[in-house]
Amino acid sequence: MHKGYLCIVLQAHLPYIRHPEYNYFLEENWFYEAITETYIPLLDIF
């Protein structure tokens, strides 16, 4: 049997722009939600 290759591409098109004049950022919540629900569990697997 031939050996193959596995490539996992993590693509996150989430905006992360912080403006100092605002206290609340919806984009920041999206970014941290993606990290906690996707990337950290993937790191636990590998």
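Here, each number is a calculation from the coordinates, and none is a lab measurement. What you see is a predicted model; the values in this text were computed from it and never measured. Positions of Cβ are backbone-derived with ideal geometry, glycine not excepted, and every protein chain shown enters the neighbour counts.
Determine the gain in length on full extension of the stretch Tyr39-Tyr5; use 0.36 nm per residue of separation and subtract their C-alpha separation, reporting nm with one decimal. Present the calculation step by step, with values, prior to reporting the outcome.
Values: separation 34, 0.36 × 34 = 12.24 nm, distance 2.09 nm.
The span from Tyr39 to Tyr5 would gain 10.2 nm if fully extended.
Using mean Cβ contacts within 10 Å as the protection proxy, how do 32-41, 18-27 order, highest first? All intermediate terms of the calculation are to be shown ahead of the outcome.
Values: 32-41: 11.3, 18-27: 8.0.
Ranked from most to least packed, the peptides come out as 32-41, 18-27.
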